[in-house]
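*Asks:* To start, I am sharing the structure in question, which I have written as structure tokens.
The values are calculated or read from the model by the stated rules, or taken from the named source; none is laboratory data. If you're wondering where the values come from, they're calculated on a predicted model, not measured in any experiment. In this analysis, Cβ positions are derived from the backbone assuming ideal geometry, glycine residues included, and neighbour counts consider all displayed protein chains. These area figures cover heavy atoms from the full protein model, side chains too; ligands, DNA and RNA do not enter into them. Shrake-Rupley method; radii C 1.70, N 1.55, O 1.52, S 1.80 Å.
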Amino acid sequence: MTKHIIDQWPAAPSGWPLELQHAFAAGAGNGKVGSLLVSETERVRVWLLRLRPGERIGFHTHVLDYFWTAVTAGRARSNYGDGLAKEVAYQAGDTQHRRYMAGECMIHDLENTGDTELVFTTVEFLDSANAALPLLPYEAQPADAAGHATPR
């Protein structure tokens, strides 16, 4: 199966502060969608995302079909490439599936705005319409050995 290779990324929303625009540009095309890649086969990538209160995973890009499940309850805020910002309250077990057609993507970040650790599992499907992206380190926010993002 021929996979679509995405190599052109949208610009950050012009109304954002410059720091956020630069962070967006740095994360566009980064396929590292979690704190820690815990498993990878020819079919899937399985990610763990752990964020302590106030921690943030930088902008990253989704191009593969995937689902995430909240392992713990908590609250978070995401900034999206279309300029939308969302505050969400999660319950343990919340799950969402996403599918991307050839050439489609989503770029966003995620910040734990609650007072408890927020943990997600994400499973990406490598047999998606788009080719997998490179897994780049986050610009100023690498994960530690336990899979936690470094605080801002």
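*Asks:* In this structure, is Leu48 more than 21 Å from Asp127 (Cα to Cα), open to solvent by less than 60 Å² (accessible area, probe 1.4 Å) and within 17 Å of the chain's Cα centre (by Cα)?
*Replies:* No; evaluated as a whole, the condition is false for this residue.
*Asks:* Okay, moving on. Select from the stretch 51-89 the residues that are open to solvent by less than 50 Å² (accessible area, probe 1.4 Å) and without any contact (Cβ under 8 Å) to a residue 12 or more places away in the chain and list them in ascending order.
*Replies:* Within the stretch 51-89, just Ala85 meets the criteria.
*Asks:* Tell me the residue from Thr2, Thr61, Thr72 that is β-branched (Val, Ile, Thr) and in contact with a Gly (Cβ under 6 Å, 6 or more places away or on another chain), please. Before the answer, list the steps.
*Replies:* Working: Thr2 fails: in contact with a Gly (Cβ under 6 Å, 6 or more places away or on another chain); Thr72 fails: in contact with a Gly (Cβ under 6 Å, 6 or more places away or on another chain).
Going through Thr2, Thr61, Thr72 in turn, just one is β-branched (Val, Ile, Thr) and in contact with a Gly (Cβ under 6 Å, 6 or more places away or on another chain): Thr61.
*Asks:* Now for a different question. Within the stretch 105-152, track down each residue that is surrounded by fewer than 15 Cβ atoms within 10 Å (Cβ to Cβ), at pLDDT 95 or above and of a type in the set (D, E, K, R).
*Replies:* Result: Asp115, Asp127.
*Asks:* Pairs only if they're at least six apart or on different chains, beta carbon under 6 angstrom, first in the stretch 90-103 and open to solvent by 50 Å² or more (accessible area, probe 1.4 Å), second acidic (Asp, Glu); list them, first residue then second.
*Replies:* Arg99/Asp65
*Asks:* Go through the stretch 11-44 and count every residue that is open to solvent by less than 50 Å² (accessible area, probe 1.4 Å), closer than 14 Å to Tyr80 by Cβ, more than 15 Å from the chain's Cα centre (by Cα) and touching a residue at least 60 places away in the same chain (Cβ under 8 Å).
*Replies:* 3
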